[in-house]
Amino acid sequence: MSVLRTKPIKDVLAHSEADGSEDTGGRGGLRRRLGAFDLMGFGIGIVIGTGIFTLTGIEAKNTAGPGVVISFAIGGVVALLAALCYAELASSVPTAGSAYTYAYATMGEIVAWIIGWDLLLEFALGSAVVARGWSGYLAELLGLPSAWFAEEGSIVNLGAIAIVLILGAVGIVGIRESARVTNLLVLVKVAICVFVVVAGLFFVKAANLSPFIPAAEPAGGGEDGIRQPVTQAIFGLEPSVFGFAGVLTAAAVVFFAYTGFEAVANLGEETKQPRRDLPLGLLGTLGISTVLYIGVSLVVVGMVHYTDIDEGAPIASAFKAAGAGWAAILVSIAAIAGLTSVILVDLVAMGRIGFAIARDGLIPPSIAKVHPRWGTPYRISAIMTIGVALLAGLLPLSALADLVSIGALCAFVLVSVAVPILRRRRPDLERPFKVPFSPVVPIVSALACLYLMLNLSVETWIRFLAWMLLGGVIYFGYGHRRNRLARREQAAAPEPAATH
C-alpha cells in the first residue's frame, strides 16, 4: 500500500455535501451556521493576539529596532500570499481539515499526515502559550497571586488551566455560540487597537524612528550554536542582530503573529456559503490584521526609543512613558480580550483538524463522533482541550513559541504547492476563487515561507523534526494500514489463488 495514495476529490466533496444541512447532526455531520463576518471574526480573533501585545517590543528591542515595522509588513505579505492559495483550495474543496485535506487530495497520504500532525502542534502549542500569557495579564490587572497565575515561578498555572477548560467547553457546546463570543471579543480588541494607533500618533517623536534600521552588530551571548538562525549556520555567518538581516530574522519570529488564519479554512463544512464566504473570510482577516499590526508597531517604536522599550508590556509602558498611564488599563483589557479569542479559535480549529484526521481513519475513528444536538466533534475536542490545559498549566512554553511559526510556515509551503498540483490533476473542478498568475504566485509563496523557516533557529528545527519523527511512528504504527483508503484497498484486493 503506497504512502502516496490520494483521497479522491469526490470523497472530499461528499463529506461537505452530505454533512451540510442543519439536521444532519445525528448522522455525523457538522452544521452550517457561519457567514463571512463570522469567519472574519474567527480569523481576526486568532490572529490579533500575542503578536501585537508582546512580540512588537521584544523584536524591536533585540533584533530589528524600528525596522520591526518592516518585519510585520514582510510577514503580512507572505501570509497574504499563502492566504490566496488557501482561498482557492477552500472555495473549491470546502471541508474540515483545510491544509490536511488539501494535501490528502493532491500530494498523498504521508504528506497529508505530516501536515495534519504539524497543524495539531501549531494550534496546541499556540493555545497553550497564549493561555499562560492570558493568565499573566489577568494577574497583573486584578492583583492575583503570582504563584498560581504567573508565567514564571508558578508550579501549576491555574489561570491557564481554567481559561482553556472554560473556552474548550464553549467550543464543544456549539459553533454558533463560539462565533458570538469571538465576535464580541474581536470588537473590543479591534476598537482598542484603533484607539492605540490614533492616540499614540500624538506622542510619536521623529527622533525615536532614527535610525529606522539600526546598523548590524554581533549578537550577544547565547545566539550562537543551535540558537542562531539556520541561514547563518549554513553559510557560516557571524551571528548578528539589527541591520536588514535582523529585520528578516524578526519577520520570521513575528510571523507567529499571523499564524492561525488558516483556522478559517477549517470551518468550510460549517459555513453557509463556503464558495463565496471562505475567500472573503481569509483575505479580510489578513488585510485588517496586517494594517493593525503595522499601525501599532509604528506607534510603539515612535513613542519610545527601541532601546528603552519594555519587553513585557511594550504598548502599556509606551503610554506610561508618554504620561498617559490611564491608557494602560485599556491596553490590558484589549490584551485579555485578544488572548481569550485566540485560545477559543485555536481550540475550535484543533477539533476540526482532529475530526478530519479521525474521520479518515488515520487515528481511531471512534473519536470523530459528532454530538447529535450540538453538531460539533465533541469527543476529539474534549480530548484536545484536556491536553492543552495540561500543557498550559504545567509547562513554561515561552521557549517553544517559535515552533508555532515553523509549523504554520511548513503548512503554508505545502498548501502553496498543492494549488498548481490540483489545477493539473483536476482542471474541471469548479474554482469560485482563483489565485492570480498561477503557478507563479504559489511558487513565490512557497519559497517565501521556506525562506522564513530558514531564518528560525537551529534549535527550533531540531524540536520540529523530533515532533515529526513522533508523528511518523504513529502513522506507520497505526494509520498507514488502518485508515479508510487502506481498508478500501484491502477489500478490493483479489483473493490469493488456492494452492494444491
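Residues in the range 303-326 that are at pLDDT 75 or above and surrounded by fewer than 21 Cβ atoms within 10 Å (Cβ to Cβ): His305, Thr307, Asp308, Asp310, Lys320, Ala321, Ala322, Gly323, Ala324, Trp326. When we screen Val435, Val441 for residues that are crowded, with 17+ Cβ neighbours inside 10 Å and not in a helix (DSSP H, G or I), the only hit is Val435. Count of the range 193-224 residues, restricted to those that are closer than 30 Å to Asp38 by Cα and either modelled with pLDDT under 80 or of a type outside the set (A, V, I, L, M) (or both), is 3.
Residue under question is Val170, and the condition is that it be open to solvent by 30 Å² or more (accessible area, probe 1.4 Å) and either farther than 22 Å from Leu394 by Cα or charged (D, E, K, R) (or both); does it hold?
Spelling it out, Val170 is indeed open to solvent by 30 Å² or more (accessible area, probe 1.4 Å) and either farther than 22 Å from Leu394 by Cα or charged (D, E, K, R) (or both).
Search the range 271-289 for residues being of a type in the set (A, V, I, L, M, F, W, C) and more than 10 Å from Ala90 (Cβ to Cβ), and hand back the single one that is nearest to the chain's Cα centre (by Cα). Looking at residues that are of a type in the set (A, V, I, L, M, F, W, C) and more than 10 Å from Ala90 (Cβ to Cβ), I get Leu286. Taken together, the residues in the range 366-393 that are assigned to a helix (DSSP H, G or I) and either open to solvent by 60 Å² or more (accessible area, probe 1.4 Å) or among the β-branched types (Val, Ile, Thr) (or both) amount to 9. Val299 meets each of the listed conditions (1) more than 25 Å from Ala128 (Cα to Cα); (2) modelled with pLDDT under 85; (3) surrounded by 24 or more Cβ atoms within 10 Å (Cβ to Cβ) apart from (2). When we screen Ile226, Ile213 for residues that are assigned to a helix (DSSP H, G or I) and of a type in the set (Val, Ile, Thr), the only hit is Ile226.
The values are calculated or read from the model by the stated rules, or taken from the named source; none is laboratory data. Keep in mind that this is a model prediction, so the values were computed, not measured. Cβ: placed from backbone, ideal geometry, glycine included. Neighbour counts: every protein chain shown. What goes into the accessible areas is simple: the full protein's heavy atoms, side chains included, and nothing from ligands, DNA or RNA. Shrake-Rupley method; radii C 1.70, N 1.55, O 1.52, S 1.80 Å.
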